[in-house]
Protein chains: 2
Amino acid sequence: MHGIVLFAHGARDPEWARPFEAIRDLVRARRPEFPVELAFLDFMTPKLEEAVNGLAAKGVAAITIFPLFMAPGGHIKNDLPRIVEDLRKLHPGVPIAIQTAVGEVQVILDAIAGWVLAGVD
Amino acid sequence: MHGIVLFAHGARDPEWARPFEAIRDLVRARRPEFPVELAFLDFMTPKLEEAVNGLAAKGVAAITIFPLFMAPGGHIKNDLPRIVEDLRKLHPGVPIAIQTAVGEVQVILDAIAGWVLAGVD
């Protein structure tokens, strides 16, 4: 069983979480066998630690963290690896992988470019 | 002629702009007849004002701003409308529309969910 963490920045406005909740719900609907959790860097909960600890407690064999950030800045390059380093020590039996930011994924860039052009045609 | 502005947050790390440059290049490659400019809220240039002024100077009939933000927070709900209000006064002959954040677009949410599931299958 592979656990999924969708990791977002977080914001003061509770409505801000809506797109991430929608992605979580899409993933759950398509493949309910994968436990999937949201996690936030700041302002919102759960934090990454809680989400990973919760998945580990469920007995997942591995965890992959998907950073739902448009681009890799300091949060992805510095904060995220530092948090994950600590979590790996806490859960030595559960490999934790970190995926790239969404803006590094060609199929997502294509979808965004298609949306832009649909908006002006 | 319809001008396109791809509006992103900006960051201290110059590499951060790469996904937005990739989206701009995709849009340009698919439809070179639409003038398309990047613009940033903070840390990076050009700012939104410069991008819009540049498109207006090129004689575009209308401008659409696409906020390349994962979710609509304070920057999209407060900062962006305030800047655009001033720009509309400056360019009364050029309608300026603001699109939703990328995380409010179903086709993009679907692409993200698909990428997540491809990463754990």
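Read the figures in this text as sums done on the coordinates, not as results from a lab. Bear in mind that the values here come from a model prediction, so they are computed numbers and not experimental data. Methodologically, a virtual Cβ is constructed for each residue, glycine included, from the backbone with ideal geometry; neighbour enumeration extends over all protein chains shown.
Under 5 Å between amide hydrogens, built in the peptide plane, is the criterion, and for A:K47 it picks out A:F40 among residues at least 5 positions away or on other chains. Here segment B:56-115 is assigned +1 on the Cβ of each Lys and Arg and -1 on the Cβ of each Asp and Glu. Its dipole about the Cα centre then comes out at about 240 debye.
Summing Cβ point charges (Lys, Arg +1; Asp, Glu -1) relative to the Cα centre of segment B:6-99 gives a dipole of roughly 240 debye. On the principal axes of its alpha-carbon atoms, chain A has extents of 52, 32, 28 Å, going from largest to smallest. Across peptide A:3-10, the mean count of Cβ atoms from other chains lying within 10 Å of each residue's own Cβ comes to 2. Ascending distances from the B:E50 label point to its copies in the other chains, with the point 7 Å along the Cα-to-beta-carbon line: 4.1 nm. Normalised by the number of residues in chain B, the average gap of Cα pairs under 8 Å and 6 or more apart makes the relative contact order 28 percent. Counting neighbouring Cβ atoms within 10 Å and putting the fewest first, the residues A:T45, A:T64 line up as A:T45, A:T64.
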